[in-house]
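Undergrad: Sending over a structure as structure tokens; questions will come in a sec.
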Amino acid sequence: MCGILVYKSNSFDKKTFDSFKLSLKDLNSRGPDETKFFKKKNFLLGFTRLSINNIKNGSQPYQSNCGRYFIVFNGEIVNYKDLASDLKLKSIKLEYSHEAEIILNLFILYGEKCVNYLRGFFSFVITDLKSQKIFAAVDRFSIKPLYYSYNESNNSIIITSDFSVILKNGFTSKSLNYDKILDYFSVARDFDNSTIFKNIKKIEASNYLTISSDNKIRKNRYWHPFELLPKYNKEKLENLVIEEFDKVINLWKIAETELSLCLSTGVDSQIINNFFAQNLIQAKKYNFYESKKKLSDINNLTKIFPNEKKILNLLNEFTKQTFNPYPLAHASSTSLFQIYNKIKNDRFKLTFNGEGSDEIFGGYERYKRQLNLLKNKKISFSEMIVQTYKNEINNIDIFFQKKISYGYKNELKKRISNIRFKSNKIENKILEFDQIYWIPVIIQRHDFIGMNYSLEVRPPFLDHKFVEIINSLPVKNKFNSSAGKIILKKILKKQFKYIAPKNKIGTPSIFRKILSNKREIDNFKEAIFYGECKNFIDTNKVTKIVRKNYKSKDSIFLWRLYVLNKVLYKF
């Protein structure tokens, strides 16, 4: 929805002002409708706006009535109208009743606990001009991310929606974090607040930061997906899911602009589409061609046929602008460039998708294998994860320089072994692991690629109250060793007379096409030898498998190296 940039320092020179303005300009695609920049005491506050709600009066940065606080906010608080009514009942005067004003008043009223009242997806930064403190928070799954960097030499701190802009404009050094790069190549998860750069941190999902006047940083987790789960009527589970998702759809549709939907033949987007129809919600549908199987009886549908040349051009444009490889950790992300570019060109500002359903309803094929390893093979959870990603982990041993990769496998197992699950059932532990450490990574591809085209991407399955309800269901309704998304498929069949294809057709990837493009592959090999990756990769071994084209066991490693090369080559 928007771009956030907040800088705090004891002094500002012309170079700092210029760098800040350039960084804000680089956030323009996140908010092309309005750009604002304030200097207030020790703070520089910048914001770029994509206006979807409160279009006429939602300008930011927004200052409290008392003048003490400023807020910059990104996302959608889907229950903001109810919160506005609650605040008015407490005799709190609201000038505009928009989301930024409501969050700020909740913070003044409840302090750090204000995040507990918010439903939707968000990131925001509140600055206190009197105490010189900062409060910053992200939503439960980090759908809208925030990054920060502390500079010890001048005791300054900067917070932003996209850390690439502060790297490009000199606010921090480009010192690589090899531990995070190893995670990127193996399991592509966030186990902590680190990024691939040593001096840049990410506010973890379900976390907020409090930053004192002397820039001491304290972080806190305010929500856990398997804690304090609600109780329900066990005899009416299907009705419960239908009723609750109906509420979610009617909350998450909130917008003053037209809606669109990324639609496939799969369960997730079909559920959203049918609930849209049930509630008479109009949305333009976009289908990225999967197979010859037709989507029948779908009105207002645009089919998008894969165009490898176009996708490659869009991918190259994107990687010139970013220093973050994680949104592209999976080759299937490439299709998003063509989809989101088309939706943007059709003048939509927001779209819906079914992201998050697999992780709460047990939809991945790998869950069946993981369940077998834990129940039948009787191995530990950490060993199960290592077995699941053994090809990726083995490729680290093969292709990384030993000084970088030595002991990584054991360190990874140790980190996973130290996780204290709140779930008791094995099935729920698998889901809990992915909801905490996987969703915040996989969801950011939609934020970064979508925002590259000034497009807000909404994943209603990740409404946190809905997630709590699904997490409380008996596991037999979610997945087992032979089936996934059990209750969702039942609802689709009984309620909407739709049967999803038995074999899920994955989102197409263009990587095989790339490796048949001589110019692209020559650039790839050159980057391996002369780019930043030569400092930690065994270049001779890698170029051999590139020349031979890749085998399935090398494909994920090569794709991630291909992306990382592009991201780092502009060093």
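Undergrad: Just one of Lys174, Lys144 is in contact (Cβ under 8 Å) with a residue 24 or more places away in the chain, among the basic types (Lys, Arg), within 19 Å of Gly46 (Cβ to Cβ) and in contact with an Asp or Glu (Cβ under 9 Å, 6 or more places away or on another chain); which is it?
TA: Sole residue among the options that is in contact (Cβ under 8 Å) with a residue 24 or more places away in the chain, among the basic types (Lys, Arg), within 19 Å of Gly46 (Cβ to Cβ) and in contact with an Asp or Glu (Cβ under 9 Å, 6 or more places away or on another chain): Lys144.
Undergrad: Take the conditions more than 17 Å from Thr351 (Cα to Cα), part of a helix (DSSP H, G or I) and of a type in the set (A, V, I, L, M, F, W, C) and apply them to Leu240. Does it pass?
TA: yes
Undergrad: Which ones in the range 108-134 are part of a helix (DSSP H, G or I) and within 25 Å of the chain's Cα centre (by Cα)?
TA: Within the range 108-134, Glu112, Lys113, Cys114, Val115, Asn116, Tyr117 qualify.
Undergrad: I'm told Ile92 meets every condition in (1) under 26 Å from Trp223 (Cβ atoms); (2) buried (at least 21 other Cβ atoms within 10 Å of the Cβ) except one. Can you identify the failing condition by its number?
TA: Condition not satisfied by Ile92: (2).
Undergrad: Would a scan of the range 81-88 turn up a residue that is surrounded by fewer than 23 Cβ atoms within 10 Å (Cβ to Cβ), under 21 Å from Ser9 (Cβ atoms) and touching a strand residue (DSSP E or B) at 6+ places or on another chain (Cβ under 8 Å)?
TA: Looking for residues that are surrounded by fewer than 23 Cβ atoms within 10 Å (Cβ to Cβ), under 21 Å from Ser9 (Cβ atoms) and touching a strand residue (DSSP E or B) at 6+ places or on another chain (Cβ under 8 Å), one finds none in the range 81-88, hence no.
Undergrad: Among the helices (runs of 4 or more DSSP H) confined wholly to the range 485-571, which include 2 or more residues that are more than 24 Å from the chain's Cα centre (by Cα) and at pLDDT 90 or above?
TA: Hits in the range 485-571: 486-496, 539-547.
Undergrad: Which count do you get for residues in the range 316-334 that are farther than 23 Å from Thr160 by Cβ and touching a helix residue (DSSP H, G or I) at 6+ places or on another chain (Cβ under 7 Å)?
TA: 2
Undergrad: Under 21 Å from the mean Cα position of the chain (by Cα) and among the acidic types (Asp, Glu): is that true of Glu204 in this structure?
TA: When the stated conditions are applied, Glu204 passes them.
Undergrad: Now for a different question. For the range 382-410, give me each residue that is in a helix (DSSP H, G or I), in contact (Cβ under 8 Å) with a residue 24 or more places away in the chain and hydroxyl-bearing (Ser, Thr, Tyr).
TA: Result: Ser382, Ser405, Tyr408.
Undergrad: Quick check: is even one residue across the range 237-244 of a type in the set (D, E, K, R), buried (at least 16 other Cβ atoms within 10 Å of the Cβ) and outside the structural domain of Leu564 (by TED's automatic domain parsing)?
TA: Within the range 237-244 (the criterion being of a type in the set (D, E, K, R), buried (at least 16 other Cβ atoms within 10 Å of the Cβ) and outside the structural domain of Leu564 (by TED's automatic domain parsing)), the answer is yes, since at least one residue qualifies.
Undergrad: Can you tell me how many residues in the range 201-226 are in a loop (DSSP other than H, G, I, E, B) and in contact with a helix residue (DSSP H, G or I) (Cβ under 9 Å, 6 or more places away or on another chain)?
TA: Summing the residues that are in a loop (DSSP other than H, G, I, E, B) and in contact with a helix residue (DSSP H, G or I) (Cβ under 9 Å, 6 or more places away or on another chain) in the range 201-226 gives 8.
Undergrad: Sticking with this one: Which of the residues belonging to the range 310-344 are touching a residue at least 40 places away in the same chain (Cβ under 8 Å), over 30 Å from Leu176 (Cβ atoms) and basic (Lys, Arg)?
TA: Lys342, Lys344
Each row is one residue, and each column tells you yes or no for (1) crowded, with 22+ Cβ neighbours inside 10 Å; (2) at pLDDT below 95; (3) basic (Lys, Arg).
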{"position": "Thr334", "(1), (2), (3)": "yes, yes, no"}
{"position": "Ile343", "(1), (2), (3)": "yes, no, no"}
{"position": "Gly354", "(1), (2), (3)": "yes, no, no"}
{"position": "Tyr364", "(1), (2), (3)": "no, no, no"}
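Undergrad: Across the range 195-235, which residue is surrounded by the fewest Cβ atoms within 10 Å (Cβ to Cβ) among those that are free of Cβ contacts under 8 Å to residues at least 40 places away in the same chain and touching a strand residue (DSSP E or B) at 6+ places or on another chain (Cβ under 8 Å)?
TA: Arg218
Undergrad: While we're looking at this one, here's another question. Restricting the range 68-104 to residues that are in a strand (DSSP E or B) and under 20 Å from Pro145 (Cβ atoms), which is farthest from the chain's Cα centre (by Cα)?
TA: Looking at residues that are in a strand (DSSP E or B) and under 20 Å from Pro145 (Cβ atoms), I get Ile71.
Undergrad: OK, next. Kindly provide the set of residues from the range 345-381 that are of a type in the set (Val, Ile, Thr) and touching a residue at least 24 places away in the same chain (Cβ under 8 Å), ordered by number.
TA: Thr351, Ile360 - these are the residues of the range 345-381 that are of a type in the set (Val, Ile, Thr) and touching a residue at least 24 places away in the same chain (Cβ under 8 Å).
Undergrad: Can you tell me which residue among Phe466, Phe448, Phe479, Phe461 is part of a loop (DSSP other than H, G, I, E, B), buried (at least 21 other Cβ atoms within 10 Å of the Cβ) and not polar (S, T, N, Q)?
TA: Within the list Phe466, Phe448, Phe479, Phe461, the selection yields Phe479.
The values are calculated or read from the model by the stated rules, or taken from the named source; none is laboratory data. As the structure is a computational prediction, the values presented were derived from the model and not from experiment. Cβ sites come from the backbone with ideal geometry, for glycine too, and all protein chains shown count toward neighbours.
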